[in-house]
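Taking it in order: structure first as structure tokens, then the write-up.
All of the numbers you see were taken from the coordinates with simple rules; none came from a lab. Because the structure is predicted, anything quoted here is derived from the model rather than measured. For neighbour counting, all protein chains shown are included, and Cβ atoms are generated from backbone atoms with ideal geometry for every residue, glycine included.
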Number of protein chains: 4
Amino acid sequence: MLIRLGYDIQFQIPSTVAMVAVLNVHPSRTQDLLEPAELHTEPEMPITHYFDTFGNRCARFVAYPGWLRLKNSTLIQSPDTPDEVNLSASELPVYDLPNDALIYLLNSRYCEVDRLSKVAIELFGHIAPGWGRVQAICDWVHNKVEFNYQHARPTKTALDVYTERIGVCRDYQHLAITFCRALNIPARYATGYLGDIGVPLRLPMDFSAWFEVYLDNRWWTFDARNNQPRLGRVLMANGRDASDVAMTTSFGRADLQYFFVVSELEPVAVTEIKASE
Amino acid sequence: MLIRLGYDIQFQIPSTVAMVAVLNVHPSRTQDLLEPAELHTEPEMPITHYFDTFGNRCARFVAYPGWLRLKNSTLIQSPDTPDEVNLSASELPVYDLPNDALIYLLNSRYCEVDRLSKVAIELFGHIAPGWGRVQAICDWVHNKVEFNYQHARPTKTALDVYTERIGVCRDYQHLAITFCRALNIPARYATGYLGDIGVPLRLPMDFSAWFEVYLDNRWWTFDARNNQPRLGRVLMANGRDASDVAMTTSFGRADLQYFFVVSELEPVAVTEIKASE
Amino acid sequence: MLIRLGYDIQFQIPSTVAMVAVLNVHPSRTQDLLEPAELHTEPEMPITHYFDTFGNRCARFVAYPGWLRLKNSTLIQSPDTPDEVNLSASELPVYDLPNDALIYLLNSRYCEVDRLSKVAIELFGHIAPGWGRVQAICDWVHNKVEFNYQHARPTKTALDVYTERIGVCRDYQHLAITFCRALNIPARYATGYLGDIGVPLRLPMDFSAWFEVYLDNRWWTFDARNNQPRLGRVLMANGRDASDVAMTTSFGRADLQYFFVVSELEPVAVTEIKASE
Amino acid sequence: MLIRLGYDIQFQIPSTVAMVAVLNVHPSRTQDLLEPAELHTEPEMPITHYFDTFGNRCARFVAYPGWLRLKNSTLIQSPDTPDEVNLSASELPVYDLPNDALIYLLNSRYCEVDRLSKVAIELFGHIAPGWGRVQAICDWVHNKVEFNYQHARPTKTALDVYTERIGVCRDYQHLAITFCRALNIPARYATGYLGDIGVPLRLPMDFSAWFEVYLDNRWWTFDARNNQPRLGRVLMANGRDASDVAMTTSFGRADLQYFFVVSELEPVAVTEIKASE
């Protein structure tokens, strides 16, 4: 399927400020792009790209006082199948994990493994290791946490989510990630596009958060918020938690004025359909 | 000067457990080593080395039930001069920082930049940027925080240090790092050897923590705990905070039984002294 | 001046639940009431009144499944003058405080004196004791904290307000109370009516929080949120913090459906005005 | 049985400071005293006694610079039977609780009912109400929390105990109290003497903390730390949590130099034993 992706994010900039944007499609998906996907700015300005230590492609630039618009629209080829499920994927003992997965067992800003490890073991320590245990974690978080935009806040940690039981998509993933790490299952935070393809409409669109877990010999997608395999997920970035992959980080003030994200099925032209008959 | 470095760390291992040790001298110092510096284990076991994303050389191995001893003794050539001081080193605007310094502006587990940014600006925002401002941060932390081994705890964060005003060397550095980052000064946590060379004796020895700050075009050593240039610092690892560079991380239980660290001036043989006359 | 007070609060009650309402005018103001001021419930139900340890008049009742309405409308005589200001009121040394003021120097749920005492002393320890110091605390809190309904949450403590610098009226008072207590100035939380009399209109009405400080030989009203003497404040309850004087506490689920508060100048009839000429 | 009680607490006072001591035997036990039990100070100084809002008898005095000694030795008649157990004591619905028990359902400084209510319901919500449920709470806390003097700290809350699972007697009780309140069972903190009568010796002596729960129509003693009925408990004070009943509160600096508590069986004189034959 073809998915139209894009965003239009506008700021009022009071004084010159350095910014980093993690708004690119993730390097693992660039081969699926059918149109250019570079960040455009208005006014135009020089942009430097670099890869952070997590492998995300980041854009750096300097925003000058006035209006700043970040926008992009692109088209991506996406599988017609939902997130993969592999019930037989197994947890690896820590000594069989690849070196670069080890960091995803540690504490991070919003994932206090040290404070939730006893709880994780009590809740999930008795469950057979493997895909089913990660799914049990997702089920628990999905069922126990109430979705509510009004209760989002930037400093909310996994422990806060565990005690308050309310939050937004990033909060669900932080708690699930923390439980996984406490059980020695590598887990990392992911952000990207997730449209309402094949599910009832939720409006307005926003970027979405999910998480990835290392089972067998690769990373798999899990989503404690939606908790069902979904169509058309497009990864932008992953990291230890939301601190590492903020869509935009401004090192000084930048006042958000407008925010629009799109991720929807691209209608296929009639002539093409005929041609395929 | 020649410094004799070493450690002897012993655990009781109740059941097979994967471990990571960040006990090597940092790659930036390996050219100064005069003796082999590899981690020895008793019993002997296969060890795999790898570099983490921060550039530290880490050792992985599997510990089996019973006694485990990690030990090493080596000799390193160290400058006869204390930590460098450069009062004219300047803060760079964020847009002039190298890409790989940016991560050291962000939140991490024990450095809640988001929760202390207002405080940092109130305390240090009015001070002229540069070396002097970082020194002012160190002075504040050094003067306001009381050293006390009894008040160490593994979950203590920079905010806890700010409110409790008591802690050990890692706590001092976490608070200073957080203040620096809040002011857009890249700061990272460092661990290593720091003997009592040229200062009154403190016993017993332990590994030490300090931190590094990016000014001009390089990283500089600061130490909010000791707060004076010191002789004979030998870096082992750096990272975002103590979570990234724990001396040993065991992914399961490992009960510490004995802990000994040495870092002292190596007496030079008499014949050598004569030769140099 | 005459002030019309009242509320209309409606709940959906899923199953029988005990409730406590602290919605009465405070005993210290009952002599000013010109109309009955008892809590009415719909449906009617037996209500028991009692005084809590802080001296507030509380109502207890059992709510049965279905709709519950709490309402009242009354008229109170209020001074034509704003909150008293006495610049020469002095702080008492602790040993001269009355016994029953001592509890208002201690920690409470939302006022972590133990965690903010060092900060309080740094910020306000050098200011001359007395009214001016309490006013300096109010000024600081008023200037540093941004008002924002979106950032209210029931678990927010004084330390959270200090780090986040955003909140609603209760948050301002909790921080100011904590600073006062840390300086050995008794401070207690107050709730009640505060209409927009003599100030620009803010809509919609809500109950309001302020705080009281013991100087000289009595309690004085301060308000870190509004930070100016106001007309027509009508006290309902005071306590250690918001935990003690919640408008309604339900020991089980009670879903708020409607909330209306009024506190406004009662227009005086024309004939009365003529009579006074 | 006769129990010899006493304490000898010594401070260095750097400058004149007001102090409150909650070191008296609780009013509910004064009729059991066989010797005077008043606080003695060295040097002698005027002491004022008052009852706080919880009903504890508190002593106020002003300590002057220099050495301060608080001491007492008294003899109390204590039941020969351990803490009462009544397996059939039942929880009351909130609407049947006495007015003055309601405050012990609310949040307090170290008992964040609001943050642990979901956890309490998950852990204990399915257990039949009554004595057995409170005992289940004590069992859980007793089994999950490790006793360790090294991990005490004055700011540790019930949530900290829940996540860290380590602490001293006050920490056990704070967590158990919080769980009880979350289930609408009134629970209050208690401090007093608890010697090693009939149990293996633990040295050195200290004051002890336990808690009280309202079941049927009275308060009962529970102790999540020791978790077994004990002989010779002598209550000194109760309150919402440790903040309310600190042994000594100094409103300024007072440096503890010496601390000795005794609570032991008084040997009965031979002649008396003969007399009773």
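Here are the numbers for this structure:
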| item | result |
| --- | --- |
| Descending semi-axes in whole angstrom, ellipsoid equivalent of region C:74-197, from the Cα gyration tensor | 22, 21, 15 |
| Positive-end residue of A:P154, A:V85, A:L34, charge dipole of chain A with Cβ unit charges | A:P154 |
| Rounded to 10°, Cα long-axis angle of helix B:169-182 versus longest principal axis of chain B | 40 degrees |
| FRET efficiency, 1/(1 + (r/R0)^6) with R0 45 Å, evaluated for B:L256 and C:R218 via beta carbons | 0.15 |
| Neighbouring partner chain Cβ atoms per residue of A:111-122, average, 10 Å criterion | 3 |
| Residue pairs, from the table A:K156/D:K144; A:K144/D:K144; B:K144/C:K118, whose Cα atoms sit over 20 Å apart | A:K156/D:K144; A:K144/D:K144 |
| Residues D:D139 and A:E44, FRET efficiency given R0 of 60 Å [Cβ-Cβ distance, rounded to 0.05] | 0.35 |
| Gyration tensor verdict on region A:62-132 (Cα atoms; rounded if a/c is under 1.5, prolate if a/b is larger than b/c, oblate otherwise) | oblate |
| Dipole of region B:131-277, positive end: most advanced residue of B:I177, B:A190, B:F207 [Cβ charges, Cα centre] | B:I177 |
| Chain D residue with Cβ closest to the axis mapping D onto C, distance in whole Å | D:T53, 2 |
| Nearest-20 debye value, region A:172-272 charge dipole, Cβ charges on Lys, Arg, Asp, Glu | 380 debye |
| Expected-Rg normalisation [2.2 N^0.38 Å, Cα atoms] applied to region D:197-247 | 1.26 |
| Exam field: A:P27 pseudo-label spacings to other copies (7 Å along Cα-Cβ), nanometres | 1.6, 7.2, 7.4 |
| Relative exposure of C:R69, D:R115, judged by other C-beta atoms within 10 Å (fewest first) | C:R69, D:R115 |
| FRET efficiency estimate (nearest 0.05) - Cβ-Cβ, A:R69 to A:L2, R0 41 angstrom | 0.95 |
| About the Cα centre, charge dipole magnitude for region A:50-105 (Lys/Arg +1, Asp/Glu -1 at Cβ), debye | 660 debye |
| Three-way shape call for region C:127-269 based on the alpha-carbon gyration tensor, with the a/c threshold at 1.5 | oblate |
| Angle in degrees between helix B:131-144 and the longest Cα principal axis of chain B, rounded to the nearest 10 | 70 degrees |
| Using a 7 Å Cα-to-Cβ projection, A:H126 label spacings across copies, nm, ascending | 0.9, 6.0, 6.0 |
| GNM top mover of B:T157, B:T16, B:T221 - chain B, alpha-carbon springs below 10 Å | B:T16 |
| Peptide D:43-55 - average C-beta neighbours from other chains (10 Å radius) | 2 |
| Residue-count net charge about B:V262 - beta-carbon cut-off 13 Å; Lys, Arg +1, Asp, Glu -1 | -3 |
| Length released on extending from C:S15 to C:Q228, taking residue separation times 0.36 nm less the Cα-Cα span | 72.3 nm |
| Point-charge dipole on Cβ atoms (K/R +1, D/E -1) for chain D, about Cα centre, debye to 20 | 620 debye |
| Inter-copy spacing of A:E44 label points, which lie 7 Å from Cα along Cα→Cβ, given in nm from shortest upward | 6.6, 7.9, 9.4 |
| Region B:1-152 shape via C-alpha gyration tensor axes, a/c threshold 1.5 | prolate |
| Sparsely packed trypsin sites (Lys or Arg not before Pro) within region D:121-230, loop by DSSP, other Cβ within 10 Å at most 14 | D:R202 |
| Cα centroid separation, region B:44-116 to region C:128-168 (Å) | 38 Å |
| Candidate aspartates and glutamates - alpha carbon under 13 Å from D:K71, same-chain residues fewer than 8 apart omitted | D:D8, D:E38, D:E42, D:E44 |
| Residue-averaged beta-carbon neighbours from other chains (10 angstrom radius) around A:100-107 | 5 |
| Residue (of A:T16, A:H49, A:I137) at the positive-pole extreme of region A:5-154, dipole from beta-carbon charges | A:T16 |
